[in-house]
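Just below is one structure, and these are the notes that go with it.
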Amino acid sequence: MLEKLAKQTAIYGISTIVVRFLNYLLTPYYTRIFEQGEYGIVTDIYALIPFALVVLSMGMESSFFRFTTRAEEQGGDVAEGKRRVFASTWGMTSLNAVIFFVVVCLLNAPISRAMGMAYVAHPEYVMIVAAIVMVDVWSIIPFSRLREQGRALHFVFLKAISVLLNVTLAIVFGIAGLYATEFGVGWVLVANLIASVVTLILLLPTTNRIRPRIDWSLMRQIFIYSLPLLLGGIAGTATEFIDRQMIKFLTPGGEAEALAQLGIYGAIVKIAVIMTLFTQMYRLAAEPFFLAGFKKEEFKEANAASMKYFVMASMVIFLGIVLFRDVFVLIVGRNFREGIDILPIVLASNVLAGVWFNLSFWYKREEKTKYAAYITVLGLMVTIALSFILVPKMGYRGAAWVRLVAEAAMVVWSYALCRKHYPIPYDLKRIGEYFVVAAVVYTISEQLTALPYAIHMATNVVLFLTAICYAVWREKIDIRALVASVLGKFLGKQR
């Protein structure tokens, strides 16, 4: 059973990592052609978009997976039941997207003023962002349907088209000198909008001509399930991205200084690309996997094992980035490298976010989604409270520490709730062991920074390989068999 999850994760990973990495190549490009403040605008906008997507999707992704499973469990005309779920969830999210776009059009001026003088000067930025959000929300449920059907390669192909088109347009606009015009970073948004529209057009044929149509009797049931997920999603996304807004509004020195700090912070966060990619590809595979109709004990066993392996892999990625951060920092432009000291903190926060994601499956499976709201509201409260203390004093460095503390608080409470309501036999000893090993290796490396650079890097290579070998030995992993299995599955899907 767990092997299936590993294969699905690997399929998404092998297929997406190169494509997603191309998207992140825009970071070294943008941080070399934009000033800190200009890139701060890009960072600001792309922190707001995920929040809007979560609000407008209303937790319908998880609801879609859960209610398609219900259709299978109830029997009868399963295909028709799944079509109803798809049409209703797609109809609801599509309606939300249209309403959102109309409201932004009507309130463009006050929204621009609330966002800052950079947007007052360019209110068209707000309109383009609203259009991007609308189109992306229209695509959410059709993409979820591909995942539910196990069509990983088709899913990734369409995502690849979007990313490649976005990257190509961004570079073409730069070559044409458009970023030097008064519209400036607005061309970044135009490239994104075109890519989103083309992707939606290519996605529509996968819907098998099912129209978005809301079945309100079904939607009432879905709302009961999804409303806590919506509240939790809003609070969780706010916790994840509100650090950018705190930097923007709490950094002393005026808007220009705040946007400069925001630009540095956003650039360093982008360096954590590999950790982000790993967590994303795991999420794409794990969500439909764990919300399927497993028996209770099978679910517990699989979730416990997946948590252990997730932490093990995350620690390897963490070490691979922090031990060689002098190489990874070259991803961003010279003006942004002063913030590299927060990279370990950002990576640790991403690891804890993945742990919290693993701890969320039990209440989604048991349809006790109220706990999502409880946990994420806690994280949001911690983030806001600590931000008012640390960000004015430490700037973006304070925001990084706030994010780490908030993620840790959510992990601790998630685990406490799990122990109380749905005990899962997580191997805490082994999980803790991997955290300790990573901390020890990182500390040893930091103590050796006074060595000549070449010797220090060679030492880091030895430390990194030692950590990998230790994990493989500890879990008795047959690397050759695992690679052969993944490649066989991947090549079989292609044929």
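Summary table below
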quantity	calculated
Residues (crowded, with 17+ Cβ neighbours inside 10 Å, under 17 Å from GLU367 (Cα atoms) and not polar (S, T, N, Q)) located in region 296-312	PHE299, LYS300
Near pairs, Cβ below 9 angstrom, 6+ apart or cross-chain, from region 368-395 (closer than 17 Å to ILE234 by Cβ) to any residue that is part of a loop (DSSP other than H, G, I, E, B)	THR369/GLY59; TYR371/SER360; ALA372/GLY59; ALA372/SER360; ILE375/LEU359; ILE375/SER360
GLN221 closer than 30 Å to ILE321 by Cα and either buried (at least 16 other Cβ atoms within 10 Å of the Cβ) or in contact (Cβ under 8 Å) with a residue 24 or more places away in the chain (or both)	no
Some residue of region 334-345 being among the polar types (S, T, N, Q) and out of contact with any Leu (no Cβ under 9 Å at 6 or more places or on another chain)	yes
Close pairs (8 angstrom Cβ cut-off, 6 or more residues apart or separate chains): in contact (Cβ under 8 Å) with a residue 12 or more places away in the chain and among the β-branched types (Val, Ile, Thr) in region 408-423, part of a helix (DSSP H, G or I) and surrounded by 18 or more Cβ atoms within 10 Å (Cβ to Cβ) anywhere	VAL411/LEU352; VAL411/VAL355; VAL411/TRP356
Complete set of residues in region 157-186 that are in a helix (DSSP H, G or I), over 24 Å from the mean Cα position of the chain (by Cα) and not β-branched (Val, Ile, Thr)	PHE173, GLY174, LEU178, TYR179, ALA180
Residue selected from region 193-215 under the condition free of Cβ contacts under 8 Å to residues at least 60 places away in the same chain and assigned to a helix (DSSP H, G or I), by the criterion farthest from PHE65 (Cα to Cα)	ILE194
Selection count where residues are farther than 24 Å from LEU262 by Cβ, of a type in the set (Val, Ile, Thr) and surrounded by 23 or more Cβ atoms within 10 Å (Cβ to Cβ), scope region 363-411	2
Those residues of region 65-109 which are within 21 Å of the chain's Cα centre (by Cα) and modelled with pLDDT of 85 or more, in sequence order	THR93, ALA97
Selected residue [part of a helix (DSSP H, G or I), among the aliphatic types (A, V, I, L, M), touching a residue at least 60 places away in the same chain (Cβ under 8 Å) and out of contact with any strand residue (DSSP E or B) (no Cβ under 8 Å at 6 or more places or on another chain)] from VAL316, VAL327	VAL316
Given (1) buried (at least 19 other Cβ atoms within 10 Å of the Cβ); (2) farther than 14 Å from GLU148 by Cα; (3) of a type outside the set (S, T, N, Q); (4) modelled with pLDDT under 80, index of the condition TYR12 fails	(2)
Which numbered condition LEU343 fails, given (1) at pLDDT 90 or above; (2) within 29 Å of LEU465 (Cα to Cα); (3) crowded, with 23+ Cβ neighbours inside 10 Å	(3)
Neighbours by Cβ (under 7 Å, 6+ apart or cross-chain): first from region 71-83, touching a residue at least 12 places away in the same chain (Cβ under 8 Å); second assigned to a helix (DSSP H, G or I) and of a type in the set (Ser, Thr, Tyr)	LYS82/THR68
Near pairs, Cβ below 8 angstrom, 6+ apart or cross-chain, from region 102-125 (within 16 Å of LEU259 (Cα to Cα) and in a helix (DSSP H, G or I)) to any residue that is among the basic types (Lys, Arg) and at pLDDT 90 or above	TYR119/ARG113; VAL120/ARG113
Region 353-396: number of residues that are more than 20 Å from GLN280 (Cβ to Cβ) and either touching a strand residue (DSSP E or B) at 6+ places or on another chain (Cβ under 6 Å) or in a helix (DSSP H, G or I) (or both)	26
From the options ILE128, ILE132, ILE99, residue that is assigned to a helix (DSSP H, G or I), hydrophobic (A, V, I, L, M, F, W, C) and farther than 22 Å from GLN245 by Cα	ILE99
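The values are calculated or read from the model by the stated rules, or taken from the named source; none is laboratory data. Note that the coordinates shown come from a computational prediction; the quantities given were computed from them, not determined experimentally. Reconstructed Cβ throughout: ideal geometry from the backbone, glycine too, with neighbour counts over all protein chains shown.
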